[in-house]
C-alpha cells in the first residue's frame, strides 16, 4: 500500500472516531489499524456502544466508490440494507445517521440499566440486610 492510500485510510478512520465522539459516543482508533492485532483486535476502530466490550469496525474508503455505488442504489431511501449470501451470515448496511441513532439508543439503554441497578443496590443498603430465608420460616404466628 502506498503512502497516499495509507494516509487516506488513517484520515477516514480518525474521521469516523471524531464523528462518534462529537455525537457523545466513545470511540477509539485501533493502533496501526489492527495490523498487529492490538489486544487481539484486527479492526480499524472500536466503538463502545453496548457496554465494556467494543463493537469492532472496519473502515473502507474508495475514491470512485467502486462497489459502494451498487450498495447505495440498493439501499435507496431505506434505513437498512440486508445482504444475505447462501451459506453465509447476513450483513447489514446502514447510513451513518441511522447507525448513530441506534448507537445512541443502545448507550442510553445500557445507562438506564446501570441506573436501575445502582438504585436497587442503594435501596438494599438503606433497608439493611434481609434475614436469611430459613429465619423467616422459624417465626411462628
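We did not get these values from a lab; they are worked out from the coordinates using the rules stated. Predicted, not measured: the structure shown is a model, and the values here were computed from it. Here Cβ is always computed from backbone atoms with ideal geometry, including for glycine, and neighbour counts include all displayed protein chains.
Overview of values
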item	result
Sequence ranges 46-52, 91-97, ranked by mean other-Cβ count within 10 angstrom, highest first	46-52, 91-97
Which of 23, 109 has the fewest Cβ neighbours within 10 Å, and the rest in rising order	109, 23
Exposure proxy ranking, count of Cβ atoms within 10 Å, fewest first, for 102, 16	102, 16
Fewest-first ranking of 66, 79, 86, using other Cβ atoms within 10 Å as the exposure measure	86, 66, 79
Length added when fully stretched, residue 86-residue 3, from 0.36 nm per residue minus Cα-Cα	26.1 nm
